[in-house]
Amino acid sequence: RTELIAGNVDPISSLWQGYRKSSPCRSIMYGNYPIAIFGAVDISDMVPDTGVVWLLGSNEIKHIAIPFLRHCQKWVDDLNKRFKPITNMVHAENDLHIQWLEWCGFQFETNPHYIGDNAFYRFQRTIN
């Protein structure tokens, strides 16, 4: 949510664009309810073999925190098999997401990028 607000992006529009442009696009379910959706947008026409990864989740993800953490590295590995590298940016104050991205093996640029007054860190993961 912080990233969407800082970038002045409508959450529904962002979700719809991610869904339409991602290959693959996956949902994470809790019972019969989707609680997160994620994917990677192919930007190989701008940067060879590169995908922009994203995840939009609800607060309900806390109900499946342990299974989520068990599975997410495989999901990230699968995305990284298709795209080398996978990349995006995260709000500099979003400590929980930064910790999760580090746990998934992403590396961060040292210097932040600014959108207005908001600092973001670019992150990237490459596997051979």
May I ask you to list the residues in segment 106-128 that are open to solvent by 70 Å² or more (accessible area, probe 1.4 Å) and within 16 Å of ASN80 (Cα to Cα)?
-> GLN107, GLN124, THR126, ASN128
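Which members of segment 74-83 meet the condition of being under 16 Å from TRP103 (Cβ atoms) and surrounded by 13 or more Cβ atoms within 10 Å (Cβ to Cβ)?
From segment 74-83, those under 16 Å from TRP103 (Cβ atoms) are 74-77, 79-80; that's our starting set.
Within segment 74-83, TRP75, VAL76, ASP77, LEU79, ASN80 qualify.
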Subset of segment 37-52 [under 16 Å from LYS74 (Cα atoms) and touching a Leu at 6+ places or on another chain (Cβ under 7 Å)] = ILE37, PHE38, ALA40
Quick count over segment 38-92, residues being in contact with a Lys or Arg (Cβ under 7 Å, 6 or more places away or on another chain) and farther than 16 Å from CYS104 by Cβ, is 2
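Residue-by-condition table, conditions (1) at pLDDT 95 or above; (2) touching a helix residue (DSSP H, G or I) at 6+ places or on another chain (Cβ under 7 Å):
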{"site": "ALA36", "(1), (2)": "no, yes"}
{"site": "GLY57", "(1), (2)": "no, no"}
{"site": "LYS62", "(1), (2)": "no, no"}
{"site": "ARG70", "(1), (2)": "no, no"}
{"site": "PRO85", "(1), (2)": "yes, no"}
Have a look at ILE43, ILE115, ILE86, ILE66 and point out the one that is free of Cβ contacts under 8 Å to residues at least 12 places away in the same chain, closer than 21 Å to LYS21 by Cβ and aliphatic (A, V, I, L, M).
-> ILE43
Just give me the residues in segment 25-59 being surrounded by 14 or more Cβ atoms within 10 Å (Cβ to Cβ) and acidic (Asp, Glu), in sequence order.
-> ASP42
Determine whether segment 46-61 contains at least one residue that is without any contact (Cβ under 8 Å) to a residue 24 or more places away in the chain, closer than 18 Å to GLU3 by Cβ and under 13 Å from the mean Cα position of the chain (by Cα).
-> yes
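The values are calculated or read from the model by the stated rules, or taken from the named source; none is laboratory data. Everything numeric here is computed off the predicted structure, so don't read it as measured data. When we count neighbours, we look across all protein chains shown, and the Cβ atoms used for this are built from the backbone with ideal geometry, even at glycine. Note: areas computed on protein heavy atoms with side chains; ligands, DNA, RNA excluded. Shrake-Rupley method; radii C 1.70, N 1.55, O 1.52, S 1.80 Å.
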